[in-house]
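Taking it in order: structure first as structure tokens, then the write-up.
The values are calculated or read from the model by the stated rules, or taken from the named source; none is laboratory data. These numbers come from a predicted model, not from an experiment. Ideal geometry is used to build each Cβ from the backbone, glycine not excepted, and the neighbour counts take in all protein chains shown.
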Amino acid sequence: MAGRSEMKQDPGFYDYWPYENRPKIEWPNDARIAFWVAPNIEFYELNPPANPHRKAWPQPSPALPGYSIRDYGNRVGHVRQMELLDKYGIRGSISLSTALCDHHPEIIEMCAQRDWEFFSHGIYNTRYTYGMSEEQEREMIRDSMETIHRHTGQKCAGYLAPALSHSELTLDLFAEVGTALFGDEGGFYTCDLFHDDQPTPINTRSGKRFASIPYSLEMNDTIAYVVNKIEPRRYGQMLKDNFDRLYAEGAESGTVMCIPTHNYQVSCPHRMKAFEEALEYITGHEDVWVTTGREIARHFIDNHQDDCLADISARGA
Amino acid sequence: MALDQEYLQYPHRSHGMDHDRYEWSMLSERKPVTWPGEAKLALWVNVCLQFFPLDQQGKPFAVPGGMTMPYPDLRHFSLRDYGNRVGIYRFLRAFEQFGIKPTYAMNTQLAERAPYLLERIAATGDEILCHGWNMDKLHYGGMDKSEEEELVQRSLSRLRELSGQAVTGWISPARNESENTPELLAASGVRYFCDWVNDDMPYRFNTSAGDLVAMPLSNELEDRFVLMNNLHSEQSWLEQVCDACDFLMEESQTGGGRVLALNIHPWMLGQPHRIGKLEEALAYITGKSGMWSASAAEIMQCWQQQQD
């Protein structure tokens, strides 16, 4: 159980790597920017078992304010967003509470028909990693990846820890379970780290070729609307401004922009217009690679990981 | 270190919800609803008339909008009271000007304390629904059942008596409930309630004392939530209402009739610097064709008649 008793000052996933004079990242068709949308399709439980480190709901059960607005995403929001992404030719990369395959297979089927990517976001968003033993966390991750495979045939490539609850071993375990289940075709990127605007190599204990793909906490609708309490039209403007700068910088070396969404937030009637205007603006540019998390990670690992690792190593020397 | 193995067991992991309160259903898969006169949107203006006691107990939590200072918190007590003395009369004028048919959610204790206000509202013929006893009498998980039963019955029967109306609708203070609230409401003659915010249309809610209808009263677009919780500007609230109106009208082209629900508070939008934004919102909405301004019970009944 090494690593679970003492806290570290730095998780050690990556080395310092300045955002200048890096090896050039080249996206397919000379695109400047890889753009992806990551809908979180989640299931929150009304009455989950208690975790000693984090409370699921502020009120005694039934905590219906929090539970019911999240259920809004499943009953109303996802289909709204699907229609919008269809309109702008965007395939979603779903951060999935995999129990939703059992609860709401109708949603999974609609996403599968659109050839969207499914990646693991744990079993339920009310089951936190905190306090799990290594074996328990491995089992939870394996269950989630097997569930995706069983229901969609996809070999899960990416991970975002449930409710962003981590252990020190989360990334190691995800990479290892991916290898055990699918070899190099599964478990090769994470969305859990927010240290960069380009993909970066990640050190895991198995030494697997593994990358962090920018997922953006800043552009995340729930962070914008619930935590930062931003006005809908300002959120739309932030998305455009974020894109403009990354698009400009992408002329030098490819960048990544992600919009992580939650359809109990962004798909409310009073927020759809601002979101649609941003999507229309972004996809209206010529040199944009509209893609998925898996495709970005695959391209980076196959074409740029070695150059980047050599550069990181040389700069650190 | 490890968690109890129960933490990795998932007893409700199967098709549908993790409880038996309502059926799992996506809005896009339901039979479209038609409103009277082929209207696209039913406009439900829901006015909360509230009494916040000075001696707030905050059990089990302090209600949003309630007292925050050491006793006696005169600033918040009187500022909330402002809504019932001043703000509401600005609302009434605006509703008349724009031909709105509002619904009033009233704390029963306020109906007792302000008979002039109750009579003024009742005289309009508009619907009154019960908003619980007062803003400090909360319904919550683990609450004693007989205590809650008495509270529900007292709140409903006294409001029925005072208003002369049937009072078939309910909103819990803070929109919070206990595990028994739906049963107690159904057993007390309530037909619809507005606490759950998981849909944009009404849906059927199961209780062991008979079905209720859950009515979709958006919290995210509420004046208090937008202005006081999110600290957005008045102009932004107006824009959000207009954007919601446009979006729902558009969606109704393919999805059938929709509900635009505005939950508003006279202590918030009734202020002199805010009332103009409410008027602008009502002018914008009523300027659209295909709008049906109706009471909550009318919308509920119209929806219910179209269910199998």
(message) Against the conditions (1) in contact with a strand residue (DSSP E or B) (Cβ under 6 Å, 6 or more places away or on another chain); (2) under 30 Å from residue B:201 (Cα atoms); (3) among the hydroxyl-bearing types (Ser, Thr, Tyr), where does residue A:291 fall short? Just the number, please.
(response) (2)
(request) State which residue is farthest from residue A:69 (Cα to Cα) when the search covers only segment A:217-231 and only residues that are crowded, with 18+ Cβ neighbours inside 10 Å and touching a Phe, Trp or Tyr at 6+ places or on another chain (Cβ under 8 Å). (result) A:224
(message) Quick check on my filter: what residues within segment B:139-161 are crowded, with 17+ Cβ neighbours inside 10 Å and of a type in the set (Ser, Thr, Tyr)?
(response) B:140, B:155
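Could you list, in sequence order, all residues of segment B:39-57 that are of a type in the set (Phe, Trp, Tyr) and closer than 21 Å to residue B:288 by Cβ?
Of everything in segment B:39-57, just one residue is of a type in the set (Phe, Trp, Tyr) and closer than 21 Å to residue B:288 by Cβ, namely B:44.
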(message) I'd like to check something: does segment A:53-72 contain any residue that is surrounded by 23 or more Cβ atoms within 10 Å (Cβ to Cβ), at pLDDT 95 or above and more than 11 Å from every other protein chain (Cβ to nearest Cβ)?
(response) no
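Might you let me know whether segment A:226-239 holds any residue that is touching a residue at least 60 places away in the same chain (Cβ under 8 Å), within 20 Å of the chain's Cα centre (by Cα) and not in a helix (DSSP H, G or I)?
As a first pass, look at segment A:226-239 and keep what is touching a residue at least 60 places away in the same chain (Cβ under 8 Å): none.
Checked segment A:226-239: no residue is touching a residue at least 60 places away in the same chain (Cβ under 8 Å), within 20 Å of the chain's Cα centre (by Cα) and not in a helix (DSSP H, G or I).
Looking only at residues in segment B:162-178 that are within 12 Å of chain A (Cβ to nearest Cβ) and in contact with a helix residue (DSSP H, G or I) (Cβ under 7 Å, 6 or more places away or on another chain), which one is farthest from residue B:122 (Cα to Cα)?
Going through segment B:162-178, the residues within 12 Å of chain A (Cβ to nearest Cβ) turn out to be B:172, B:174-178.
Those still in the list that are in contact with a helix residue (DSSP H, G or I) (Cβ under 7 Å, 6 or more places away or on another chain) too: B:172, B:175-178.
Details: B:172: 21, B:175: 24, B:176: 27, B:177: 27, B:178: 30 Å.
Filtering segment B:162-178 for residues that are within 12 Å of chain A (Cβ to nearest Cβ) and in contact with a helix residue (DSSP H, G or I) (Cβ under 7 Å, 6 or more places away or on another chain), the one farthest from residue B:122 (Cα to Cα) comes out as B:178.
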(message) Let me confirm something: among A:6, A:45, A:20, which residue is closer than 28 Å to residue A:130 by Cβ, exposed (fewer than 14 other Cβ atoms within 10 Å of the Cβ) and charged (D, E, K, R)?
(response) A:6
(request) Pull up segment B:20-66, narrow it to residues that are under 30 Å from residue B:111 (Cβ atoms) and polar (S, T, N, Q), then point me to the one that is nearest to the chain's Cα centre (by Cα). (result) B:46
(request) Quick one: residue A:240 ticks every box in (1) closer than 26 Å to residue A:68 by Cβ; (2) charged (D, E, K, R); (3) surrounded by fewer than 22 Cβ atoms within 10 Å (Cβ to Cβ) except a single one, so which number is it? (result) (1)
(message) Can you list the strands (runs of 3 or more DSSP E) lying wholly within segment B:211-308 that have 2 or more residues being within 14 Å of chain A (Cβ to nearest Cβ)?
(response) B:212-214, B:258-264
(request) Scan segment B:28-64 residue by residue and report those that are within 14 Å of chain A (Cβ to nearest Cβ) and in contact with a strand residue (DSSP E or B) (Cβ under 9 Å, 6 or more places away or on another chain). (result) B:30, B:40, B:41, B:42, B:43, B:44
(request) Within segment A:35-86, track down each residue that is assigned to a helix (DSSP H, G or I), touching a residue at least 60 places away in the same chain (Cβ under 8 Å), among the charged types (D, E, K, R) and more than 21 Å from residue B:20 (Cβ to Cβ). (result) A:80
(request) Any residue in segment A:3-20 that's within 14 Å of chain B (Cβ to nearest Cβ): show its pairings with residues that are modelled with pLDDT of 95 or more at Cβ separation under 6 Å, as long as the two are six or more apart or on different chains. (result) A:3/A:168
(request) Sort through A:187, A:158, A:178, A:131 and tell me the only one that's crowded, with 18+ Cβ neighbours inside 10 Å, within 12 Å of chain B (Cβ to nearest Cβ) and touching a helix residue (DSSP H, G or I) at 6+ places or on another chain (Cβ under 9 Å). (result) A:131
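For segment A:106-123, indicate whether the set of residues that are charged (D, E, K, R), touching a helix residue (DSSP H, G or I) at 6+ places or on another chain (Cβ under 6 Å), more than 10 Å from chain B (Cβ to nearest Cβ) and without any contact (Cβ under 8 Å) to a residue 40 or more places away in the chain is non-empty. Step through it out loud before you land on a result.
Residues of segment A:106-123 charged (D, E, K, R): A:106, A:109, A:114-115, A:117.
If we keep only those that are touching a helix residue (DSSP H, G or I) at 6+ places or on another chain (Cβ under 6 Å) as well, we get A:117.
Then drop every residue that is not more than 10 Å from chain B (Cβ to nearest Cβ), which leaves A:117.
If we keep only those that are without any contact (Cβ under 8 Å) to a residue 40 or more places away in the chain as well, we get none.
No, segment A:106-123 has no match at all.
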(message) Let me spell it out: the conditions are (1) within 14 Å of another protein chain (Cβ to nearest Cβ); (2) assigned to a loop (DSSP other than H, G, I, E, B); (3) without any contact (Cβ under 8 Å) to a residue 24 or more places away in the chain, and residue B:6 meets all of them except one. Which number is the exception?
(response) (2)
(message) Suppose we filter segment B:241-299 for residues that are touching a strand residue (DSSP E or B) at 6+ places or on another chain (Cβ under 7 Å), more than 17 Å from residue B:40 (Cα to Cα) and free of Cβ contacts under 8 Å to residues at least 40 places away in the same chain; how many remain?
(response) 0
(request) Considering only residues that are of a type outside the set (Asp, Glu), part of a helix (DSSP H, G or I) and over 24 Å from residue A:97 (Cα atoms), look in segment A:291-311 and name the one that is nearest to the other protein chains (Cβ to nearest Cβ). (result) A:301
(request) Output the number of residues of segment A:93-105 satisfying the condition of being free of Cβ contacts under 8 Å to residues at least 60 places away in the same chain, buried (at least 23 other Cβ atoms within 10 Å of the Cβ) and either away from chain B (no Cβ under 12 Å) or of a type in the set (Asp, Glu) (or both). (result) 2
(request) Please go through segment A:242-290 and pick out each residue that is within 13 Å of chain B (Cβ to nearest Cβ) and in contact with a His (Cβ under 8 Å, 6 or more places away or on another chain). (result) A:263, A:267
(message) Any residue that is loosely packed, with under 14 Cβ neighbours inside 10 Å and more than 8 Å from every other protein chain (Cβ to nearest Cβ) - is there at least one of those in segment B:12-24?
(response) yes
(request) Tell me, yes or no, whether segment B:75-93 has at least one residue that is within 25 Å of residue B:185 (Cα to Cα) and buried (at least 21 other Cβ atoms within 10 Å of the Cβ). (result) no
